[in-house]
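Okay, so here's the structure we're looking at.
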Amino acid sequence: MATMFFGQYLLAKGVIDRDALLDALDRQRRSNLSLPDLAVQEGLIERSRAEAIMAQYRMSDDPIEDILASSGGLDADQIRRLQSKQRSSWLRIGAALVEGGYMSDEAIAANLEDYRSLESAADEEIREAMRHLPNADAVGACVELTMFHFGRVSGRPTKLGSITREPDQPAAGRQRFSPRIVGDGDYTIALDLPPVLIAAVARGMLGFDVDPGTETEADAVCEVINLIGGNACTRIEQFGQVLRPEPPLWSGGGGVVSSSIDSVRATVSSAESGFDIRVFTAGSED
């Protein structure tokens, strides 16, 4: 069984239906405020400052606490108080399902125990698969950085579901966005994203909704792809390879990247949806 979020596990098991999961996720989004949002609520910063801090956070590797201190002017005690308030009010998916009347506390507890047992076994399978990949350190860095920046920009948590090595086969109904990094090595990272996640990334990047399927939306996602490529170059330099990023390509713009050799495929869960990351370590072709 692939690793998944607890809500997706309950859905797959048939304990809840999709409407219940979507309602619970919506309750979470409305309840779980970011630290900058809480700072606005507490009167510590203005809304415009919070939006600027979130934009900086999405485009950097720095913790949100450091950005609140440097760009928001908050001191350590203020940040600790915000963290404490965030922890005390954080609504987990199980509590959201109970709040919505979909499950009881007892049912949540029983299913959570089974879920954690399965998750532990699945996590070990993923670790074992990662250890046996060709260029394991570099490929693992590509997957990790892609998930990190996708989650940070989209505002959606990500979770690695499985790692396999298989022929490239882009999924129907998805757009492919690809950065390629070359030099001492040759790596192409391909993200196969459904429309709902493309919209989430574009919204997180721009700070507002744009029309789906437009060049503006694609350009916003490509900026994130640039960020991933640049960070991957820096990370892989630790393994003794000097690399440089090439301009990103996307399937809607005619730049379809695929490979005739097997690729590493990482399946990723993201809230109520998911996407694939593929890494080609050599022989990529347009």
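The values are calculated or read from the model by the stated rules, or taken from the named source; none is laboratory data. Just so it is clear, the structure is predicted and the values come from calculations on it, not from any experiment. Ideal geometry is used to build each Cβ from the backbone, glycine not excepted, and the neighbour counts take in all protein chains shown. With ligands, DNA and RNA removed, areas are computed over all heavy atoms of the protein, side chains included. Shrake-Rupley method; radii C 1.70, N 1.55, O 1.52, S 1.80 Å.
Out of all the residues in the stretch 57-101, which are surrounded by 13 or more Cβ atoms within 10 Å (Cβ to Cβ), part of a helix (DSSP H, G or I) and among the hydroxyl-bearing types (Ser, Thr, Tyr)?
Listed by number, the residues that qualify are 57, 71.
Return the residue satisfying two criteria in turn: it lies in the stretch 257-270 and is β-branched (Val, Ile, Thr) and within 22 Å of the chain's Cα centre (by Cα), and of such residues it is modelled with the lowest pLDDT.
Looking at residues that are β-branched (Val, Ile, Thr) and within 22 Å of the chain's Cα centre (by Cα), I get 257.
So in the stretch 41-56, with the set limited to residues that are in contact with a Leu (Cβ under 9 Å, 6 or more places away or on another chain) and open to solvent by 30 Å² or more (accessible area, probe 1.4 Å), which one is nearest to residue 72 (Cα to Cα)?
44
Could you check, for the stretch 143-154, whether at least one of its residues is touching a Pro at 6+ places or on another chain (Cβ under 8 Å) and either open to solvent by 60 Å² or more (accessible area, probe 1.4 Å) or assigned to a strand (DSSP E or B) (or both)?
no
Being in contact with a Ser or Thr (Cβ under 8 Å, 6 or more places away or on another chain), surrounded by fewer than 19 Cβ atoms within 10 Å (Cβ to Cβ) and in contact (Cβ under 8 Å) with a residue 24 or more places away in the chain is the requirement here; does residue 273 meet it?
The answer is no for residue 273.
Pairs please, first residue from the stretch 196-217 and more than 17 Å from residue 253 (Cα to Cα), second anywhere and of a type in the set (Ser, Thr, Tyr) and open to solvent by less than 50 Å² (accessible area, probe 1.4 Å), Cβ atoms under 7 Å, 6+ apart in sequence or on different chains.
Filtered contacts from the stretch 196-217: 196/273; 197/154; 197/270; 197/273; 200/154; 201/154; 204/154.
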